[in-house]
1. Return the residues of segment B:28-72 that are in contact with a Pro (Cβ under 7 Å, 6 or more places away or on another chain), on the phi < 0 side of the Ramachandran plot and surrounded by fewer than 22 Cβ atoms within 10 Å (Cβ to Cβ); say none if nothing qualifies.
2. Can you pull out the residues in segment A:13-51 that are within 15 Å of the chain's Cα centre (by Cα) and either open to solvent by 70 Å² or more (accessible area, probe 1.4 Å) or of a type in the set (Val, Ile, Thr) (or both)?
3. Hey, could you check segment A:75-111 for residues that are among the polar types (S, T, N, Q) and in a strand (DSSP E or B) and say which is most open to solvent (accessible area, probe 1.4 Å)?
4. Got a number for residues in segment B:80-97 being open to solvent by 40 Å² or more (accessible area, probe 1.4 Å) and either touching a residue at least 60 places away in the same chain (Cβ under 8 Å) or on the phi > 0 side of the Ramachandran plot (or both)?
5. Return the residues of segment B:42-59 that are outside any strand (DSSP E or B) and either in contact (Cβ under 8 Å) with a residue 40 or more places away in the chain or out of contact with any strand residue (DSSP E or B) (no Cβ under 6 Å at 6 or more places or on another chain) (or both); say none if nothing qualifies.
6. Taking the options B:LEU43, B:LEU21, name whichever one is away from chain A (no Cβ under 14 Å) and within 15 Å of the chain's Cα centre (by Cα).
7. Which of the residues belonging to segment A:41-74 are part of a strand (DSSP E or B) and either under 30 Å from B:TYR10 (Cβ atoms) or of a type in the set (A, V, I, L, M, F, W, C) (or both)?
8. Check off (1) among the small types (Gly, Ala, Ser); (2) under 14 Å from the mean Cα position of the chain (by Cα); (3) within 18 Å of B:ARG110 (Cβ to Cβ) for B:SER65 and give me the number that stays unchecked.
Amino acid sequence: GENVEQHPSTLSVQEGDSAVIKCTYSDSASNYFPWYKQELGKRPQLIIDIRSNVGEKKDQRIAVTLNKTAKHFSLHITETQPEDSAVYFCAVGSNTDKLIFGTGTRLQVFP
Amino acid sequence: KAGVTQTPRYLIKTRGQQVTLSCSPISGHRSVSWYQQTPGQGLQFLFEYFSETQRNKGNFPGRFSGRQFSNSRSEMNVSTLELGDSALYLCASSFKAGSTGELFFGEGSRLTVL
C-alpha cells in the first residue's frame, strides 16, 4: 500500500520568513496531493491541492510543487504570519485507493 | 449549508467496553470516511463508505467496524476497548467516492479509555 513520509515534524520560523514542508510517497499510481491545515483544537481544512498533471500551483502566499519522477511534493508558505501557526498534513490519493495522510508538521511562527 | 456533525464530542469509557460514534455528513455528500488521530501518528485511515457500501478499509483490527445508512449518516463502533484506542476520531464527508476530492471534516469525537 501507499506510504507517505512528511518532514520536518516541527518547524519554527520568524514572522516574514518562508516555510517549506516536504512529503514523499511510494505508489506511482497516486495522482492527487492535497495539503490540510489544522489549527489548535480545530478540524483539518484543505488549503491547497495539486493533481499529477500539474507541476506547481499557487494561491496567494502558499504554493505546492510536485515532482512525480522523484515522488515528492512540497508546501511552500511565504511571508509567514502568526496565524499560519498550525499543524500541516500532506496527503496522497488515487482513483482506486484511500487518502493517506502524512504524520504532520507543527509550524510555529514567532512574531 | 450545515457542516459535518459528529456526536458525541467527548466521551470516557473503561477498558472492555464498547463505543458507537455518529457522523452526519454535509447534505448531498454520499461519501463518509473515518480517521483516527493520535499525537505523532497523524491521521490514520479507518474506513470509507459510499452509498451504504464500504469501499476501503484501513489496517485496524476487527474490533473497529462501521456502517452507513440510506441517508448517508454513518456510525463507527469500537468493541472491547483498549487503552490505546484513546484518540480523536474524525469523520469526513465528500461529494464523490474515492480519494481525489476535498474532504470536509467534522470536529471529531474525543475518546478517552481508562
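The values are calculated or read from the model by the stated rules, or taken from the named source; none is laboratory data. None of these values were measured; they are calculated from a predicted model. Heads up, the Cβs are rebuilt from the backbone with ideal geometry, glycines too, and the neighbour counts pull from every protein chain shown. The accessibility values were calculated without ligands, DNA or RNA, using every heavy atom of the protein model including side chains. Shrake-Rupley method; radii C 1.70, N 1.55, O 1.52, S 1.80 Å.
1. Across segment B:28-72, there are no qualifying residues.
2. A:SER18, A:VAL20, A:ILE21, A:LYS22, A:THR24, A:GLU39, A:GLN45, A:ILE47, A:ILE48, A:ILE50, A:ARG51, listed by residue number.
3. Keep residues of segment A:75-111 that are among the polar types (S, T, N, Q), which gives A:78, A:80-81, A:85, A:94-96, A:103, A:105, A:108.
Subset that is in a strand (DSSP E or B): A:105, A:108.
Numbers: A:THR105: 0, A:GLN108: 88 Å².
Filtering segment A:75-111 for residues that are among the polar types (S, T, N, Q) and in a strand (DSSP E or B), the one most open to solvent (accessible area, probe 1.4 Å) comes out as A:GLN108.
4. Going through segment B:80-97 one residue at a time, the tally reaches 5.
5. First, the residues of segment B:42-59 that are outside any strand (DSSP E or B): B:51-52, B:58-59.
Across segment B:42-59, the qualifying residues are B:SER51, B:ASN59.
6. On the way: B:LEU43 fails: away from chain A (no Cβ under 14 Å).
After applying the criteria, what remains is B:LEU21.
7. First pass over segment A:41-74, keeping only residues part of a strand (DSSP E or B): A:45-51, A:56-59, A:62-67, A:72-74.
Hits for segment A:41-74 are A:GLN45, A:LEU46, A:ILE47, A:ILE48, A:ILE50, A:ILE62, A:ALA63, A:VAL64, A:LEU66, A:PHE73.
8. Looking at each condition in turn, B:SER65 falls short on (3).
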